[in-house]
Amino acid sequence: MIERPELNFEPDTAAKAAALDDFATYINPQKVRVLKAAGLDIIEAQRDGVWVWDLDGRRFLDCFTSAGSFNVGRRNPRIVKAAHAAIDELDNGNFLLCSRQKAELAKKLAEISPAGLTCTTFGTGGGEAVDFALKLARGATGRPKIISSVNGYHGHTGFALSAAGRESFRRPFEPLMPRFEAVPFGDVAAMEACVDAETAAVILEPVQGEGGIVVPPSDYLRGVRAACDRVGALLILDEIQTGMGRTGKWFASEHFGVVPDIMTIAKSLGGSLVPISATIYTEDLREFLIPNPFIHLSTFGGSDLACAIALEVIAYIEETGLIEHAALMGQRLVAGLRVIADAHPDVIAEVRSLGLMTGLKYTEDGLGPRMSYQLARHGVLAIYSGNEPSVMRLMPPLIITEGEVDFLLEAIDAAVNDLVAGVGFDVAAPSERTKRRPPRPASVSAS
């Protein structure tokens, strides 16, 4: 069992204030204002497992995890050790040459991906992975039309932004890529009416993340798959938030019995240490790249360092039974949340979940920011969904233990009670929960 220190740095409120001031001056002042208003003007210092410490000494259970990027935990000791070993031997590598590390990771991704997805192109982030997926779909089919979903989210780069389901993200940059259309998520009839002979691909999240943790009807993805097959269109599933065990399966598509033609993954593939993404697709689609081997390049995509670390991330998930553990912890979390929701129907309208991808839908939009503030007071870092502010995302690291789930539930219950009681907005007076932490049993501790 790894001994995890409670605090290994000297809190420094002056340094925190200086960092926030520099961020506001040289990066984005409005971001600092918004985060301060929500009680989330945190300067991350120590990071350990499911926990992160503010530079002022407060501790938080991380339920945002950079939108699901820390599935194996913050600074997982085993992944950190693999990173040190990689740095001792490797660098990023020459992107134009063949790479053993790339080949080994691509082979492993073919093993864990849904059947038939055997070919990979690497990138650095999710938007880049989606960009290539959409380029591949258009290039391979020779068709122009792309269909996405209302309130969907696929990144902020060129092709990915064109598929965004939120108008405010797109409007300042229009005109964007042509022939992109969006239909309501979960509505098979709307999808069937939109898919036609000009459709290159449909791109969807199996569970909408930014859209508010929206789990579709059980037959929805099968209906979309059938609509695509009817006209020869491709199905792209964006598993950037839902993948790598988050929903209690390697990939969320497995819950619905659907295999896409193209799948994108990123975020947790890098083990919280390095940026890496992957677009995984069928051998048939690779035929487009045979005469065009250099048509899509990424200098740092799938660097030798990142691939070595990602291989260790996959090995850790497999060898610790982390996916099964995530499913069990998700059940425990949801059971507790439903008790809290039943006690506070005036605040919580619905609990949504698949594995450890969980959302609390509040009875009104304004409760999202207010609950972020109250949860921060009680030692929980949680942020409402970008496209649906009435839904709070709860996506803790998959290594979370029973004791830590219970800590989270207690904090949520206390936060709701404080919200109802009208407890004041005094960030300087955090709850005692920011000072308390349950023990981590050896069964899920990194070694």
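The values are calculated or read from the model by the stated rules, or taken from the named source; none is laboratory data. None of the values given here were measured: they were computed from a predicted structure. With ideal geometry, Cβ positions are generated from the backbone for all residues, glycine too; neighbour counts draw on all protein chains shown.
Is it the case that some residue within the range 235-255 is outside any loop (DSSP other than H, G, I, E, B), out of contact with any strand residue (DSSP E or B) (no Cβ under 9 Å at 6 or more places or on another chain), in contact (Cβ under 8 Å) with a residue 24 or more places away in the chain and buried (at least 20 other Cβ atoms within 10 Å of the Cβ)?
no
With respect to ASP22, determine if the residue is assigned by TED's automatic domain parsing to the domain that holds GLY386, at pLDDT 95 or above, farther than 29 Å from ARG246 by Cβ and in contact with a Ser or Thr (Cβ under 8 Å, 6 or more places away or on another chain).
No, not satisfied.
Of all residues in the range 415-443 being of a type outside the set (Gly, Ala, Ser), assigned to a helix (DSSP H, G or I) and buried (at least 20 other Cβ atoms within 10 Å of the Cβ), which is modelled with the highest pLDDT?
For the range 415-443, the residue satisfying everything is VAL416.
I'm trying to understand the selection: among the residues of the range 52-108, which are closer than 30 Å to THR242 by Cβ and charged (D, E, K, R)?
ASP54, ARG59, ASP62, ARG74, ARG75, ARG78, LYS81, ARG100, LYS102, GLU104, LYS107, LYS108
Please find, among GLU319, GLU364, GLU324, the residue that is without any contact (Cβ under 8 Å) to a residue 12 or more places away in the chain and not small (Gly, Ala, Ser).
GLU319
Just the residues that are touching a Phe, Trp or Tyr at 6+ places or on another chain (Cβ under 9 Å) and surrounded by fewer than 22 Cβ atoms within 10 Å (Cβ to Cβ), please, taken from the range 273-303.
Passing the criteria: PRO275, ILE295, HIS296, LEU297, SER298, THR299, PHE300.
Of all residues in the range 222-234, count the ones that are surrounded by fewer than 24 Cβ atoms within 10 Å (Cβ to Cβ) and in contact (Cβ under 8 Å) with a residue 24 or more places away in the chain.
The number of residues fulfilling the criteria is 8.
For the range 140-154, check the following and say yes or no: at least one residue is at pLDDT below 95 and part of a helix (DSSP H, G or I).
No, the range 140-154 contains no residue that is at pLDDT below 95 and part of a helix (DSSP H, G or I).
Picking from ALA190, ALA226, which residue would you name as being outside the structural domain of MET392 (by TED's automatic domain parsing), within 15 Å of VAL150 (Cα to Cα) and part of a helix (DSSP H, G or I)?
It is ALA190.
Test LYS31 against the stated conditions and say whether it is assigned to a helix (DSSP H, G or I), touching a residue at least 24 places away in the same chain (Cβ under 8 Å) and either aromatic (Phe, Trp, Tyr) or more than 19 Å from LEU322 (Cβ to Cβ) (or both). Explain how you work it out, then say what you get.
Values: assigned to a helix (DSSP H, G or I): yes; touching a residue at least 24 places away in the same chain (Cβ under 8 Å): no; either aromatic (Phe, Trp, Tyr) or more than 19 Å from LEU322 (Cβ to Cβ) (or both): yes.
When the stated conditions are applied, LYS31 does not pass them.
Free of Cβ contacts under 8 Å to residues at least 24 places away in the same chain, surrounded by 14 or more Cβ atoms within 10 Å (Cβ to Cβ) and not in a loop (DSSP other than H, G, I, E, B), is that true of ALA201?
On the way: free of Cβ contacts under 8 Å to residues at least 24 places away in the same chain: no; surrounded by 14 or more Cβ atoms within 10 Å (Cβ to Cβ): yes; not in a loop (DSSP other than H, G, I, E, B): yes.
Considered against the rule, which asks whether it is free of Cβ contacts under 8 Å to residues at least 24 places away in the same chain, surrounded by 14 or more Cβ atoms within 10 Å (Cβ to Cβ) and not in a loop (DSSP other than H, G, I, E, B), ALA201 comes out as no.
Among LEU105, LEU90, which is the only one that is surrounded by 13 or more Cβ atoms within 10 Å (Cβ to Cβ) and more than 24 Å from the chain's Cα centre (by Cα)?
Result of the check over LEU105, LEU90: LEU90.
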